[in-house]
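Right, one structure below, let's go through it.
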Amino acid sequence: MVVCAVPTAAEVYRWVDENGEIHFSDIPHENSETVTLPKTQTFSPLTPTTQPAQSAVEAGQDKQADKAAIILYESVDVISPTHNEVLWSTGGTVKVSVSVRPRLRGDHILMIYLDDLLVESLTGNKRDMELTQVFRGEHTLHATVRDANGEVVGRGNSVSFTVKQTSIQNPNKLNLSSISALSRSGLEG
């Protein structure tokens, strides 16, 4: 931290030399004028407030209460597409299936997110849907369940998948190097 202290009683002088340069000093020079400085700005830091320390037992009870309030569902899993799946020539449409255990309550909403944007809200027993305008590239899909107050009461892991398109120049011929690489990775893993 750099602090510049100027005595409040000191005077500041300004003058222009023979080369036209402006100078300031606390010592008067020939042809100098007194500069009136504005009042110095000051800062008074706030005094931090302290809260009594929470015991480890109380902290543990709070965490358990928070966890019980949040997690009402054993799982909220995207089961289709599968993680790291490559989808070819979908025409921008991707079929999505989600599994929710236990069964979705009547006042809860299943929220589907594609690339962290909400794309579908489902109630009742519907767990399968078609997402449109999902174009080439890598995408991430995840689901949450929210209660009537909008609070998250269930959450699943993210699933990444890739949409690829066959060549426009040769639409009937798939990219053989990609297929062989996929085949090799399937055999190795």
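The values are calculated or read from the model by the stated rules, or taken from the named source; none is laboratory data. Quantities reported herein were computed from a predicted structural model and do not represent experimental measurements. Counting neighbours? That spans all protein chains shown, and the Cβs are built from the backbone with ideal geometry, glycine included.
Within the range 81-108, the set of residues being within 18 Å of residue 147 (Cβ to Cβ) and touching a Leu at 6+ places or on another chain (Cβ under 7 Å) comprises 98, 100, 104. Of the residues that sit in the range 137-156 and are within 18 Å of residue 73 (Cβ to Cβ) and acidic (Asp, Glu), which one is surrounded by the most Cβ atoms within 10 Å (Cβ to Cβ)? Ranking the candidates gives 147 first. In this structure, is residue 80 in contact with a Gly (Cβ under 9 Å, 6 or more places away or on another chain) and modelled with pLDDT of 55 or more? Taking the combined requirement at face value, the residue does not satisfy it. Restricting 100, 159, 134, 96 to those that are among the aliphatic types (A, V, I, L, M), closer than 22 Å to residue 74 by Cα and modelled with pLDDT under 90 reduces the list to 100.
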